[in-house]
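Here's the structure, in structure tokens; my notes come after.
FYI, it's all coordinate maths here, none of it is from the lab. All of these numbers come straight from a predicted model, not from anything done at the bench. Methodologically, a virtual Cβ is constructed for each residue, glycine included, from the backbone with ideal geometry; neighbour enumeration extends over all protein chains shown.
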Amino acid sequence: MAAAAKRPGPAPNCRPCCSWCCRSSCLLRRLPARLRRPGAWTRRLPRPHLRPRPRWPSTTWGASICSSRKSPCARRMARSCCASGCRSTCCRGRAPGCRCRCLRCRRARVCSSRRRRIPTCRCPRSSCRCQVRLPWLARLLPACAACCFCGCLMAMQARAADDAAPAALIVDVEVNGAAQGAALSALRQGGRLLFSRADLQAWRVVVPDRTAAVVDGVDYYDLAALPDGSVTLEESTQTARVSLPATAFVANALAGKAAGRPALTPSVNAAFVNYSVALQHDRNGTAASGLLDGTVSGHWGLLANSVLVGQTAYQDAAGVSSLARTVRLESYYRLDDPDSLTRLTVGDAITQNAAWSTPSRFAGLQFGTQFGLSPGYISYPVPSLTGGAAVASTLEAYVNNTLHYQGQVASGPFSLNNVPVLTGAGEMSFSVSDALGVRRTVTTPYYVSTNLLRAGLSDYSVNLGWSRRNYGLRSNDYGSMFAAGNWRRGLSDTATLELHGEGGPRLQVAGAGLTWVWAPLGEFGMHGATSRSQDTGSGRLARVSFAHIAPEWSFSASRQTASAGFMQVAWLDSQTHTTGQAQLFVGRSLGRRLGSLGLAYTALRYSSGDEAKVLSLNHSIQLGAVYLNTYVARTDSGATAASRQRVASVGLMLTLPLGERQTASATMGRNNGRTTTTIDVSQTPPSDEGLGWRVVASHGETERAQAEATWRTPYATFTAQAVELDKETSARVLAEGSLGYASGMFFAAQSSSDGFALVTVPGAAGIRIYRENNLATTTDGEGRALVTGLHAYEANRISVDNGDLPISAQVHSDVLQVVPSYKGVAVATFDISRDASVTMRVLLPDGSPLPAGIDVVGENRAAPLITGYGGALQLDRPRAGERFEARWRGGRCSFTVGPVSTAGTLPQIGPYTCETGTPASSVSAR
């Protein structure tokens with residue numbers, strides 16, 4: 001063993017050597033530097049070729065070592081190996097005595113590794129020429145990787161070449177089976193079909209965010225990249241078939257009812273007084289009373305003042321005496337802004353109340369929102385229908401199985417808004433039918449409440465002033481100063497928040513509430529308030545409510561209670577007020593044949609301790625042309641059991657229409673064992689002009705006979721009435737109307753508390769003016785008339801009858817849309833043209849008529865006139881001083897039109913002499 005440690009040199013008779021154990025022992029020259037480190041490659045190469053280390057004999061170092069039967073080299077390769085210091089591999093180096101060369105390096109001493117099965121190369125990097133002979137599969141891996149890399153690179157280059165050079169293609173396009181008109185230009189790029197932005201917008205397709213190609217500044221997009229989208233090209237017909245879902249199209253917004261506000265018509269300054277004057281005579285004497293409501297209005301707003309006047313005559317022991325009395329009711333200035341839906345009031349006003357509070361009258365300043373300035377504006381949330389259609393289809397919307405909308409809808413998502421619905425619960429459905437007859441129906445429940453606000457919408461009111469006391473009894477009776485405010489906000493389409501506060505030096509009140517809808521159950525409400533008063537101390541109020549209104553069932557219930565110390569501004573000057581109330585109503589529709597049934601219960605508790613309870617049951621039904629209504633009621637009132645009063649009543653009423661304006665009714669009621677029967681026959685007067693009357697007779701508990709007649713004229717309404725009640729007779733005469741002044745015109749008309757219109761038909765007297773196709777009035781001698789009864793801030797239809805206009809008048813439009821302000825006088829002028837046609841004769845200088853069929857050219861006229869027989873010419877819109885020139889073969893002449901008169905049915909002017917040579921400046925008619 002000691003001799004073996006000296007490493008003898010190579011055996012002299014060493015010839016060939018095996019290479020089986022050396023072919024995986026060297027490194028490739030191209031391996032990275034980290035693998036060329038000594039020993040690094042041995043940890044990465046597969047090791048199945050390694051075998052247990054053979055036992056080497058210790059006696060002889062020579063060829064017999066490699067020929068050992070235990071040596072894998074000798075057994076497998078049948079060759080001898082050199083033993084010059086190499087124990088585990090064969091070497092073919094050029095070491096002395098060795099004719100083989102090492103596969104790892106060219107120096108034999110490098111291959112002499114100590115006790116290593118696979119020697120490690122220790123050559124300097126500059127002189128090492130190691131080579132590795134890996135298994136054939138391992139040797140193919142680099143080549144395969146190189147081939148794959150080259151193939152991928154070539155494919156990417158080919159695709160890049162395709163992307164860089166798209167080809168134009170003319171194709172017909174079908175989107176979801178619907179042809180899109182004429183053929184268009186598309187791009188083919190690598191098997192894809194691209195379309196321009198303009199084409200996508202024409203098809204109402206949502207433009208993708210990513211552009212597929214840009215050619216000549218035009219963006220092209222790949223519709224197949226959209227979710228669930230596909231594009232197929234049919235080569236035989238050059239047709240591109242595009243399939244897209246409904247969500248890929250631009251949404252359609254449909255409106256069931258336009259909510260736009262019409263523009264306000266310009267108004268003029270006007271002053272008028274609405275009056276209602278009555279003269280009554282009975283056994284106590286004669287009394288005169290009247291209500292006068294004066295207004296001055298213009299574009300700057302309006303000033304209003306109303307008073308109640310009265311005079312009572314009676315006879316006493318000394319003779320006849322009278323008492324005159326005047327009470328001012330309201331005085332205020334008001335300015336409306338329809339654009340912002342706000343109103344400013346300075347003077348007498350009424351506070352805006354919350355669900356639990358009581359409104360109060362005051363004098364001061366008020367500012368807040370006023371949705372009534374736009375009658376078509378919907379402040380509460382209404383249901384909307386949303387859906388989608390892959391192709392153009394027909395949309396039908398139903399509300400409670402009643403058709404409310406029908407129209408065409410393009411492909412894509414759609415939403416139908418502002419569908420007119422009734423308040424309460426119901427079902428809304430829509431049906432979509434395409435051209436192939438495929439029908440799809442979707443039904444959804446809804447609940448609509450006018451007590452809610454749309455999401456994000458606010459309603460507010462700010463009040464500052466002095467509380468009004470004894471309204472209608474005293475003119476200027478005001479209390480202490482206070483401030484009040486109310487604010488509502490739509491948190492969502494199903495919930496609305498409300499805040500309310502009011503107070504002054506002696507009283508402060510604050511409250512909040514929430515109203516929400518839970519479809520299809522109904523509307524819920526919860527409110528609470530607290531107050532602090534120097535007189536009553538602190539107090540609290542609570543209110544809960546629920547309502548469900550449906551076509552068949554209706555139910556509502558509310559409960560409000562306040563503690564003894566709770567107080568409001570409206571209660572300060574009242575002797576008693578309501579401290580608790582409970583209401584319940586149940587209604588049921590039994591169908592057309594059975595009618596409807598209703599049950600109501602109301603309980604009130606007052607601060608004085610009194611209570612009142614009313615329970616009623618009613619049933620109504622239509623039997624042919626007769627309406628039958630029956631009721632049963634019970635009333636229980638009183639503070640204590642001793643003072644409590646109970647009244648039971650039952651009644652029956654029949655109503656029968658007798659004509660267009662005639663109605664007859666019969667009522668029979670029994671109250672605490674006493675029966676009363678009443679017969680009432682009436683005829684309402686027409687809206688424009690005519691007579692009306694009424695006759696009433698009662699027998700039973702009350703004996704009553706009444707007769708009255710009404711005469712309505714364009715200027716006023718007069719009523720005469722005679723009544724006999726329990727053998728006492730009284731008579732009354734009433735006159736109602738309006739007197740005023742507007743734009744230099746005094747007028748007398750029917751009273752109106754809304755809007756007026758000053759209608760002008762230039763130069764046309766006696767023209768009938770219609771309001772909503774109903775005769776309203778006629779024009780005066782100057783062609784002016786005042787129309788009453790218009791709806792403020794709404795479009796009112798004012799028209800004239802063309803048959804009333806003279807034949808020489810031409811009206812451009814016989815209908816006007818007038819939008820007046822509140823108690824304002826809007827200006828409505830019809831555009832009437834009086835430039836009629838005239839007939840004139842033209843003569844030559846010798847007195848003969850101008851030849852027929854020649855052209856007569858006029859200044860500033862587009863077309864020439866042609867003469868008729870006898871030198872007659874038909875001239876439209878003649879103007880004095882207008883010059884004409886007649887031309888014919890061989891001659892010409894000219895003439896000038898003199899003064900023009902269009903009086904008469906077929907006006908004629910002339911004759912005129914046509915002078916030859918230089919045109920005359922003026923030619924007089926003969």
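For Asp855 and Glu782, what is the calculated FRET efficiency with R₀ set at 41 Å and r taken between the beta-carbons, to the nearest 0.05? After rounding, the FRET efficiency stands at 0.45.
Take every DSSP beta bridge whose two residues both sit in region 837-916; close to 85 percent of them are antiparallel. Charge dipole (Cα centre; +1 on Lys/Arg Cβ, -1 on Asp/Glu Cβ; no other charges) of region 837-916 amounts to roughly 100 debye.
Taken over region 837-916, the alpha-carbon convex hull comes to 86 cubic angstrom per residue.
Please get the size of the charge dipole for region 466-558, origin at its Cα centre, with Cβ charges of +1 on Lys and Arg and -1 on Asp and Glu, quoted in debye to the nearest 20.
460
Rounded to 0.05, the FRET efficiency of the Asn401 and Asp535 pair, given R0 = 45 Å and the Cβ-Cβ distance, is 0.20. Using the Cβ of Leu499 as centre and a radius below 12 Å, the other residues enclosed give a net charge of -1, where K and R count +1 and D and E count -1. The gain in end-to-end length when the Thr561 to Arg469 segment is fully stretched comes to 30.6 nm, 0.36 nm per residue minus the alpha carbon separation. With each label modelled as a point 7 angstrom along the Cα→C-beta vector, the Tyr715-Trp516 pair spans 6.3 nm.
Applying the Kirkwood pairwise sum to the alpha-carbon positions of region 393-520 produces a hydrodynamic radius of 18.9 angstrom.
Once the Cα-Cα distance is subtracted from the 0.36 nm per residue extended length, the Val650 to Val586 segment shows a gain of 21.1 nm. At an R0 of 45 angstrom, the distance between the Cβ atoms of Leu658 and Val250 translates into a FRET efficiency of 0.20. Once both labels are positioned 7 Å from their Cα atoms along Cα-to-Cβ, the gap between Ser616 and Asp339 label points is 4.8 nm.
With 0.36 nm allotted per residue and the present C-alpha distance subtracted, the Ser837-Ala178 stretch has 231.7 nm of extension available.
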